[in-house]
Amino acid sequence: MGMTMTQKILAAHAGLSEVRAGQLIRAKLDLVLGNDITTPVAINEFEAAGFDKVFDKSKIAMVMDHFAPNKDIKSATQCKQCRTFAKRFDIDNYYDVGAMGIEHALLPEKGLVGPGEAVIGADSHTCTYGALGAFSTGVGSTDLGAAMATGETWFKIPSAIKVYLTGEMKPYVSGKDVILTLIGMIGVDGARYQSLEFAGPGVANLTIYDRLTIANMAIEAGAKNGIFPVDDVTRAYVEGRVNRPWTAYEADEDAEYERTVEIDLSKIECTVAYPHLPENAHPASEGKDIAIDQIVIGSCTNGQLADMAAAAAVLKGKHLAPGVRGIVIPATQSVYRECMRLGYTDIFLDAGCIVSTPTCGPCLGGHMGILAAGERCVSTTNRNFVGRMGHVDSEVYLASPAVAAASGIAGHIAHPEEVL
């Protein structure tokens, strides 16, 4: 029996000719990632274990993005601990205020992840890098601490679900609508500890940013990882970014899948996930009776330049409805600069939005957009659990940048065509 993409990558990193679902392996890692919340715990474990060196200072990335710029004394202390550790071991890829971005947008942008590589991060949305044909997954801080010292970790080989894509998306439909539709179909535990492997002719019609969004939210279906084949779209993105050899793995024709889910992209509508689970998917056109208080456009899921462009196209010449707050967060410094160069920043400001430095802040209810009791937000983030963005009696509706922008203008959940 053949192997899936994920299984081939893990076999190669374990030095094995083949692996099977359920098998336990020890694999070498190409990159180990932590942020300002998870790295301090990993550092504590690293030091408690008596480690006195890191495995490779060029293969550790530390990004201060969740509570940075620091919102309080505790967050400042956490960042200082990371900063001190990075200086002690001369970590090459340490990113702080002024140089940082939201980690899962920053690492691909900087070329720190390439096709065929194995990456772990102490953040559940590390699965984002499957968009580039890499195996990437989230781990706990203890595993991160050990990996910083050894460059290895253990995995149970996942079984897989094939997501077979056909067709081409309609106007205003994006990767966010695709993944919300998929999660709506299979549920938040529909791919538990499995690999979501995307295939089919429809893949070619997805931009790299669509793929980054889809892979980012694989964890919201319970998946161990999400992964896309390496094609011309992938190669165009990594060219000039990834300056080291990389390998494009392909699933064998006789690879074993638990099941196949077929999606015709042309039939997907602009989609919104209602509270309090990403699986609670509904057409955006059905939300006219749901008044909102805030929109958030950004995050590791939808903070790329393409996301800013989609939001700007809807907001141009328009203004947010009375009483609606708009928060726009470009995911990296580069995206921020391009927003200014292309005039998007002016569009956002003219529409009544604020534009923030890169931060995860509102996504996890940290800062920069906390909701009070009874408030509703349409957000391009990835989770809408109870209390995710603030008070337990607030509500988060997940949507694409185009839908979030349209909803801000309408004052209720809206399809972009309603306001254009």
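Here are the numbers for this structure:
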item	result
nm² value of the averaged projected area, convex hull over the Cα atoms of the stretch 250-298	6.5
Integer Hz, Karplus 6.51/-1.76/1.60 couplings in order for the stretch 272-286, x for Gly and Pro	10, 9, 6, x, 10, 9, x, 7, 7, 8, 9, x, 4, 5, 9
Convex hull volume per residue in cubic angstrom - Cα atoms of the chain	127
Relative contact order (%) - criterion: Cα under 8 Å, at least six apart; region: the stretch 69-137	21
Contact order normalised by residue count of the stretch 371-420, Cα under 8 Å, 6+ apart, percent	31
Percent accessible area from carbon and sulfur atoms, the chain, protein chains only, probe 1.4 Å	50
Estimated D of the stretch 278-420 in µm² per second, where Rh is the Kirkwood radius over Cα pairs and Stokes-Einstein applies at 37 °C, 0.692 mPa s	226
Lys, Arg +1 and Asp, Glu -1 on Cβ, resulting dipole of the chain about Cα centre, debye, nearest 20	900
Karplus 3J(HN,Hα) series, Hz, for the stretch 165-177 with 6.51 cos²θ - 1.76 cosθ + 1.60 (x for Gly, Pro)	9, 10, x, 9, 6, 6, x, 6, 8, 9, x, 5, 5
Long-range amide H partners of residue 290 with built H, under 5 Å	413
Amide H contacts of residue 298 (H built 1.01 Å from N, under 5 Å, at least 5 apart or other chain)	329, 380
The stretch 364-370 - phi-based ³J(HN,Hα) in whole Hz, Karplus 6.51/-1.76/1.60, Gly and Pro as x	9, x, x, 6, 6, x, 5
Peptides ranked, highest mean first, by Cβ atoms within 10 Å: ranges 396-402, 254-260	396-402, 254-260
Euclidean distance between Cα centres, the stretch 354-384 to the stretch 112-165, Å	26
Computed E for residue 192/residue 152 - FRET, C-beta separation, R0 22 angstrom, nearest 0.05	0.30
Signed unit charges on C-beta, dipole axis of the chain, positive-most listed residue 260, 358, 405	358
Amide H contacts of residue 394 (H built 1.01 Å from N, under 5 Å, at least 5 apart or other chain)	374, 387
Residues residue 349 and residue 71, FRET efficiency given R0 of 25 Å [Cβ-Cβ distance, rounded to 0.05]	0.60
Inter-site label distance for residue 247 and residue 28 at 7 Å from Cα along Cβ, in nm	1.0
Inverse of mean 1/r across different Cα pairs in the stretch 76-199, Kirkwood, Å	17.0
Whether the stretch 212-255 is rounded, prolate or oblate, judged on the alpha carbon gyration tensor where a/c under 1.5 counts as rounded	oblate
For the stretch 272-359, radius of gyration divided by Kirkwood radius, i.e. Rg to Rh on alpha-carbons	0.99
Stretch gain in nm, segment residue 185-residue 309, where the contour uses 0.36 nm per residue and the Cα spacing is subtracted	41.8 nm
The chain - accessible surface per residue (Å², probe 1.4 Å)	37
Segment residue 48-residue 418, length gained on full extension (0.36 nm per residue, minus Cα span)	127.5 nm
Charge dipole (debye, nearest 20) of the stretch 1-146; +1 at Cβ of Lys and Arg, -1 at Cβ of Asp and Glu	160
Cα-based reach from residue 316 at 16 Å (exclusive), listing aspartates and glutamates while leaving out same-chain residues under 8 positions away	307, 346, 350, 417, 418
Shape of the stretch 147-207, Cα gyration tensor, a/c cut at 1.5	prolate
Overall form of the stretch 90-135 per C-alpha gyration tensor (a/c, 1.5; a/b vs b/c)	prolate
Computed over the chain: relative contact order in percent, which uses C-alpha pairs under 8 Å that are six or more apart	17
Span from the the stretch 170-188 Cα centroid across to the the stretch 244-306 one, whole angstrom	4
Helix-only mean residue ellipticity at 222 nm for the chain, each DSSP H run of n ≥ 4 adding -39500 (n - 2.57), per residue, nearest 500	-8500 deg cm²/dmol
Reciprocal of mean inverse Cα separation for the stretch 212-359 (Kirkwood radius, Å)	18.4
FRET efficiency for residue 235 and residue 288, using Cβ-Cβ distance with R0 set to 56 Å, rounded to 0.05	0.85
Beta bridge orientation in the chain: antiparallel %, DSSP, nearest 5	20
Within the stretch 68-124: Cβ-based charge dipole about Cα centre, in debye rounded to nearest 20 (Lys, Arg +1; Asp, Glu -1)	340
Packing rank of 350-363, 147-160, where each peptide gets the mean count of other beta carbons within 10 Å, highest leading	350-363, 147-160
Pairwise centroid distance, computed over Cα atoms, of the stretch 318-347 with the stretch 16-53, Å	37
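The values are calculated or read from the model by the stated rules, or taken from the named source; none is laboratory data. Keep in mind it's a predicted model, so treat the numbers as computed, not measured. Positions of Cβ are generated from backbone atoms using ideal geometry, with glycine treated the same way; all protein chains shown enter the neighbour counts. Areas reflect the complete protein model, heavy atoms only, side chains present, ligands, DNA and RNA absent. Shrake-Rupley method; radii C 1.70, N 1.55, O 1.52, S 1.80 Å.
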